[in-house]
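Asker: The structure under discussion is supplied below as C-alpha cells; questions concerning it will follow.
The values are calculated or read from the model by the stated rules, or taken from the named source; none is laboratory data. Just so we're clear, the structure is a prediction, and the values are computed from it rather than from any experiment. Neighbour counts run over all protein chains shown; Cβ positions are idealised from the backbone, glycine included.
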Amino acid sequence: MQTWLGGICIAWLLAQTVLLFAYRHALTARWREPVLRFPVVIFESDDWGAGPLDQAIALKNLHEILARFKDEMGRAPVATLGVILATADTRRIRDTGGAEYFSANLSEPLYTPLREVMEEGVRQGVFALHLHGMEHYWPQTLMRAAVKDASVRDWLQSDGIPGTESLPSPLQSRWTDASVLPSRALESEALRAAVTEEASLFGACFNLRPRVAVATTFVWTEEVEAAWANEGIDVIITPGVRYTCRDATGKPGGEDKRMVNGELSKSGQIYLVRDVYFEPMLGHTPERLVSETKERARLGRPCLVEMHRFNFIGVAEKRDASLRVLEAALEQLRRTFPEIRFMTSLELADAMRTKMPALVETKPTPRIRVWLRRIEQIRGFAKLARISGLAIPLWIIGKAVA
Ligand SMILES: [Zn+2]
C-alpha cells in the first residue's frame with residue numbers, strides 16, 4: 001500500500017517538474033518582466049509625416065484634446081507619433097509614365113507646417129516622435145508590384161499626395177519584399193543603408209536622433225534590429241511577437257520570437273509591447289479602453305494603445321467623431337484610475353531599464369502576486385497546472401502573498 005502511495009507521489013512530483021521545465025522560459029520571462037505600480041496609458045499613433053497635408057490640422061486637434069487632461073503629477077496624456085519621412089512624389093513619377101520612382105520627404109518646405117505642429121506637441125509634452133520608416137513601404141517592391149497591379153500603378157501616379165493606408169496591406173510592410181508572396185528577405189546591404197539614411201533624415205528634420213522605432217505593419221527582422229542599434233535606437237515597439245515576412249496569403253507571418261515588456265533584443269534594445277487597440281473609426285469605445293487598461297494594471301503592465309492616423313484625417317464628421325470618442329475615453333480613464341500615469345514610451349522604457357522605484361515595483365510580495373496572475377494566462381499552462389496538481393502549491397503561494 002505504502003509503495004503504491006509513494007509511486008503516486010513520485011509520479012505527481014515528476015509531472016509538476018516536467019511542466020515547470022517545459023514552461024521555464026515563459027515563467028521566468030513573466031517574473032523578469034517589470035511590474036508597474038500604477039496604471040500607465042500611452043497612445044501610440046503611427047503613420048504621421050510625409051503624406052496628406054491635412055495632417056497638420058489633425059495633429060493640432062489631437063494636441064488640443066490631449067492637453068485638456070493631466071495626471072496626478074501634472075503630466076498630459078502622450079500620443080507618440082510613428083513618423084514616416086518620405087512618400088512617393090506622384091507628379092514626378094507620372095511625368096516618367098511610371099517608369100521611375102521619386103519621393104518627396106518631410107524636410108521639404110511643403111511639410112514645414114506639419115513639422116512645426118509635431119515639434120510644438122513635443123515641447124508641450126503631448127507628442128513624442130518615433131521612427132516608423134522612410135517610406136511606409138519598400139519603394140522597389142512597390143514599383144515591382146505596380147507592373148502587375150493597376151491599383152498600385154494608379155496610387156503611384158495619383159493626383160495630390162495619397163495616403164499609404166489605401167495600398168494593399170502586404171505592400172505596406174517596409175522590411176520585406178512583398179512583391180511576391182510569401183515575401184522575400186531584403187538584401188542586407190540595402191537594408192542597412194536604408195536604416196542609416198532614415199535615421200539621419202529623422203535627425204535632420206527634428207534636430208533629434210530617433211531612439212524608439214516601430215516597424216511598419218510590425219514586420220521586421222533581427223537584422224533590422226541590429227541596424228537600428230547602430231543608429232542609436234534603443235527601444236523597439238512590438239505587438240509581443242516578431243513577424244519577419246508576409247506569408248503566402250499576405251498576412252504577417254514568419255514569427256520567430258515572442259517578447260514581454262522590458263525584455264532585451266539581441267542587440268540590447270528594450271522591447272515594449274503594444275497590444276491594445278483603440279481606433280474610434282473602427283467602433284472601439286471608451287468603455288473597452290477602460291477595461292483593457294484595468295486588465296493591464298491588474299497584470300502590472302503598461303497599456304500601450306494603438307491609435308492610427310486614419311482616425312483623425314479625411315472626412316470632417318468622421319475625424320471630429322474620433323476626437324470626441326478620444327476625449328470621452330480620456331475622461332473615463334481619468335475618473336476610473338485617479339492614480340493613472342501618463343508618459344512617453346521612451347520614459348517608460350528608461351524607467352523599466354533602471355527599475356525606477358517611483359514606477360517599478362521592487363518588493364517581492366506584490367511581484368509574486370502579479371506573477372501568479374500573469375502565468376495563469378500562458379497558453380495551456382493553467383490547465384496543465386490543474387491536471388498535474390501544480391495548481392495546489394501555486395494556490396498556497398497565492399494565499400501566502402494575498
Ligand atoms: Zn504604419
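Asker: Could you list, in sequence order, the residues of the stretch 157-200 that are farther than 24 Å from Ser107 by Cα, touching a Gly at 6+ places or on another chain (Cβ under 9 Å) and of a type in the set (Asp, Glu)?
Answerer: Matches in the stretch 157-200: none.
Asker: Quick check on Lys60: is it in a loop (DSSP other than H, G, I, E, B) and of a type in the set (Lys, Arg)?
Answerer: No; evaluated as a whole, the condition is false for this residue.
Asker: Scanning for something surrounded by 15 or more Cβ atoms within 10 Å (Cβ to Cβ) and within 10 Å of Pro39 (Cβ to Cβ), does the stretch 316-331 turn up at least one residue?
Answerer: No: the stretch 316-331 contains no residue that is surrounded by 15 or more Cβ atoms within 10 Å (Cβ to Cβ) and within 10 Å of Pro39 (Cβ to Cβ).
Asker: If you don't mind, another one. For the stretch 36-56, enumerate the residues that are surrounded by fewer than 21 Cβ atoms within 10 Å (Cβ to Cβ) and at pLDDT 95 or above.
Answerer: Arg37, Phe38, Ala56
Asker: Taking the stretch 305-361, which residues are at pLDDT below 95, in contact with a Lys or Arg (Cβ under 7 Å, 6 or more places away or on another chain) and not aliphatic (A, V, I, L, M)?
Answerer: The one that is at pLDDT below 95, in contact with a Lys or Arg (Cβ under 7 Å, 6 or more places away or on another chain) and not aliphatic (A, V, I, L, M): Phe312.
Asker: Only one residue in Arg91, Arg115 is away from the ligand (no atom under 15 Å from the Cβ) and either under 19 Å from Ile233 (Cβ atoms) or out of contact with any helix residue (DSSP H, G or I) (no Cβ under 8 Å at 6 or more places or on another chain) (or both), so which one is that?
Answerer: Just one listed residue meets the conditions, Arg91.
Yes/no per residue for (1) within 30 Å of Asp71 (Cβ to Cβ); (2) in a helix (DSSP H, G or I):
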site	(1), (2)
Ile236	yes, no
Arg242	no, no
Glu255	no, no
Gly314	no, no
Asp320	yes, yes
Leu326	yes, yes
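Asker: Being crowded, with 19+ Cβ neighbours inside 10 Å, over 11 Å from the mean Cα position of the chain (by Cα), within 16 Å of the ligand (Cβ to nearest atom) and under 19 Å from Trp48 (Cα atoms) is the requirement here; does Pro252 meet it?
Answerer: no
Listed here are the residues, each with its yes/no results for (1) crowded, with 17+ Cβ neighbours inside 10 Å; (2) out of contact with any Gly (no Cβ under 6 Å at 6 or more places or on another chain); (3) at pLDDT below 95; (4) among the charged types (D, E, K, R).
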| position | (1), (2), (3), (4) |
| --- | --- |
| Met73 | no, yes, no, no |
| Ile84 | yes, no, no, no |
| Gly98 | yes, yes, yes, no |
| Phe102 | no, yes, no, no |
| Pro113 | no, yes, no, no |
| Arg123 | no, yes, no, yes |
| His136 | yes, yes, no, no |
| Trp155 | yes, yes, no, no |
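Asker: Separate question: Within the set of pairs 6+ apart or on separate chains, which have a first residue in the stretch 135-154 that is closer than 17 Å to Arg92 by Cβ, a second that is among the aromatic types (Phe, Trp, Tyr), and C-beta atoms under 7 Å apart?
Answerer: If the second residue must be among the aromatic types (Phe, Trp, Tyr), the pairs left are Pro139/Tyr101; Met143/Tyr101.
Asker: With the condition kept exactly as written, say whether any residue in the stretch 265-276 is outside any strand (DSSP E or B), crowded, with 21+ Cβ neighbours inside 10 Å and within 16 Å of the ligand (Cβ to nearest atom).
Answerer: yes
Asker: Then there's this: Any idea how many residues of the stretch 63-97 are part of a loop (DSSP other than H, G, I, E, B), farther than 25 Å from Leu201 by Cβ and of a type outside the set (Lys, Arg)?
Answerer: The first filter runs over the stretch 63-97 and keeps only residues part of a loop (DSSP other than H, G, I, E, B), leaving 68-78, 85, 89, 96-97.
If we keep only those that are farther than 25 Å from Leu201 by Cβ as well, we get 68-77, 97.
Filter once more, keeping what is of a type outside the set (Lys, Arg): 69, 71-74, 76-77, 97.
The number of residues fulfilling the criteria is 8.
Asker: In addition: Any residue in the stretch 204-219 that is under 17 Å from the mean Cα position of the chain (by Cα), crowded, with 19+ Cβ neighbours inside 10 Å, among the polar types (S, T, N, Q) and at pLDDT 95 or above?
Answerer: Yes; the residues of the stretch 204-219 include at least one that is under 17 Å from the mean Cα position of the chain (by Cα), crowded, with 19+ Cβ neighbours inside 10 Å, among the polar types (S, T, N, Q) and at pLDDT 95 or above.
Asker: Restricting the search to the stretch 343-372, which residues are touching an Asp or Glu at 6+ places or on another chain (Cβ under 8 Å) and touching a residue at least 40 places away in the same chain (Cβ under 8 Å)?
Answerer: Filtering the stretch 343-372 for residues touching an Asp or Glu at 6+ places or on another chain (Cβ under 8 Å) gives 345, 349, 356, 367, 370.
Matches in the stretch 343-372: Ser345, Ala349, Arg367, Val370.
Asker: Test Arg37 against the stated conditions and say whether it is in contact with a helix residue (DSSP H, G or I) (Cβ under 6 Å, 6 or more places away or on another chain), in contact (Cβ under 8 Å) with a residue 60 or more places away in the chain and more than 16 Å from the ligand (Cβ to nearest atom). Explain how you work it out, then say what you get.
Answerer: Numbers: in contact with a helix residue (DSSP H, G or I) (Cβ under 6 Å, 6 or more places away or on another chain): no; in contact (Cβ under 8 Å) with a residue 60 or more places away in the chain: yes; more than 16 Å from the ligand (Cβ to nearest atom): yes.
Considered against the rule, which asks whether it is in contact with a helix residue (DSSP H, G or I) (Cβ under 6 Å, 6 or more places away or on another chain), in contact (Cβ under 8 Å) with a residue 60 or more places away in the chain and more than 16 Å from the ligand (Cβ to nearest atom), Arg37 comes out as no.
Asker: Criterion first (out of contact with any strand residue (DSSP E or B) (no Cβ under 7 Å at 6 or more places or on another chain), outside any strand (DSSP E or B), within 16 Å of the ligand (Cβ to nearest atom) and modelled with pLDDT of 95 or more) does Leu191 satisfy it?
Answerer: No: the conditions fail for Leu191.
Asker: Just one of Pro357, Pro366 is assigned to a loop (DSSP other than H, G, I, E, B) and farther than 22 Å from Gly240 by Cα; which is it? Spell out how you get there, then give the answer.
Answerer: Values: Pro366 fails: assigned to a loop (DSSP other than H, G, I, E, B).
Answer to the selection: Pro357.
Asker: In the stretch 162-188, what residues are within 16 Å of the ligand (Cβ to nearest atom), in a loop (DSSP other than H, G, I, E, B) and surrounded by fewer than 22 Cβ atoms within 10 Å (Cβ to Cβ)?
Answerer: Those that are within 16 Å of the ligand (Cβ to nearest atom), in a loop (DSSP other than H, G, I, E, B) and surrounded by fewer than 22 Cβ atoms within 10 Å (Cβ to Cβ): Pro162, Gly163, Leu167, Pro168.
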